[in-house]
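The values are calculated or read from the model by the stated rules, or taken from the named source; none is laboratory data. In this text the structure is predicted, and so the values were computed from the model without any measurement. Here the Cβ positions follow ideal geometry from the backbone for every residue, glycine too, while neighbour counts run over all protein chains shown. For the accessible areas, the whole protein counts, side chains as well, though only heavy atoms, and no ligand, DNA or RNA atoms are used. Shrake-Rupley method; radii C 1.70, N 1.55, O 1.52, S 1.80 Å.
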Amino acid sequence: MKKIFYLAIFSSLLACSKKQATIELKDSTNIVLKDSIEKPKPIDFSDQENDLLQLYSEIETAKENTNDLVLKSSKKYSDSLISLIQNNPKTLHYSFKKLQNERAIYVATSADQKFRIYSWDTHLGGTMRFFDQLFQFQSQNKTNTKVRLASKDAQDFFSKIYTVQQGTKSIYLAVSNSILSSKYSTQQITAYEIQNNNLEEVKLFKSKNQLLSSISVEFDFFSVVDRRERPVELITLKGNKLKIPLINEDLNVSNKNLIYEWNGTLFNYKGVE
């Protein structure tokens with residue numbers, strides 16, 4: 001009888017021990033899960049962005065005074081922006097939303113987040129606008145930059161980056177826009193690839209007679225002034241079909257397009273539709 005009594009007590013203690021162990025394990029597991037889902041802090045360059053906004057406002061103020069003051073203010077803004085991006089690789093993933101909302105900068109980013117182009121008006125031109133450009137790209141776990149400053153060449157601002165796959169390699173199609181005057185503009189698409197820590201143009205567009213790395217159209221802006229989107233989207237890629245607007249002899253944008261189709265290696269010219 002005593003044996004049975006001791007056995008019952010032992011079984012009860014063992015059950016309690018297991019229950020306690022289960023509770024401790026559960027609590028411990030909860031702690032581990034909590035730690036594992038803790039999100040990293042978002043990338044924040046808001047203070048630096050606010051400083052850049054202030055510098056940009058100084059350009060607007062300088063425009064009411066002398067050209068020398070505009071040149072000085074513009075250079076200060078460009079130098080500060082370039083320095084921030086070159087010295088902080090994580091800016092590749094920062095939106096610069098405030099600067100974009102104020103039209104102080106255009107930011108075009110590839111879908112894979114590995115290639116970005118910043119461009120901004122220097123305010124040193126007249127009806128022909130001058131844009132500085134900064135290319136930022138990731139290769140071999142390193143973030144690189146390439147700067148193009150507007151001097152003799154007015155240059156463009158970039159509005160979009162499309163991506164196509166050439167085997168395992170990503171090819172980036174950057175759409176840029178130039179403002180030649182209040183009447184005339186151009187839009188261009190250029191193919192780039194990132195290779196060995198360098199950004200290179202690649203000949204990807206096969207026309208009737210030659211292989212090109214870019215295609216450009218000049219047009220009368222007033223022929224599309226009623227379109228809502230800004231900048232106007234004349235060159236577009238949908239699926240494998242690249243559309244280049246057909247421009248008539250008066251430089252007006254027609255309702256027809258030159259068609260190029262992607263075959264996995266090249267964009268081949270297919271005709272007009």
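Percent of accessible area on the range 134-206 owned by carbon and sulfur, 1.4 Å probe? Reported share for carbon and sulfur atoms: 41 percent. The 3J(HN,Hα) values that the Karplus relation (6.51, -1.76, 1.60; θ = phi - 60°) gives for the range 46-62 are, in residue order, 5, 5, 5, 5, 5, 5, 5, 4, 5, 5, 5, 5, 5, 5, 4, 5, 5 Hz. Gly and Pro appear as x.
Rounded to 0.05, the FRET efficiency of the residue 211 and residue 72 pair, given R0 = 51 Å and the Cβ-Cβ distance, is 0.70.
Solvent exposure of the range 215-273 amounts to 59 Å² per residue of accessible area, where only protein heavy atoms count and the probe is 1.4 Å. The alpha carbon centroids of the range 136-166 and the range 110-132 are separated by 10 Å. Decide, for the range 78-236, between rounded, prolate and oblate: order the square roots of the alpha carbon gyration tensor eigenvalues as a ≥ b ≥ c, take rounded if a/c falls under 1.5, and otherwise choose prolate if a/b is larger than b/c, else oblate. In terms of gyration-tensor shape, oblate. Summing Cβ point charges (Lys, Arg +1; Asp, Glu -1) relative to the Cα centre of the range 153-228 gives a dipole of roughly 300 debye. P(r) tail for the range 162-228: Cα pairs beyond 14 Å make up 66% of the total. Cross-link pairs exceeding 19 Å in C-alpha to C-alpha distance, out of 90/114; 183/206; 241/270; 208/270; 142/169; 206/270, comprise 183/206.
Here each label is just a point 7 Å from Cα along the line to Cβ, and for residue 227 and residue 146 those points are 2.7 nm apart.
Here the average projected area of the convex hull drawn through the C-alpha atoms of the range 104-176 stands at 5.4 nm².
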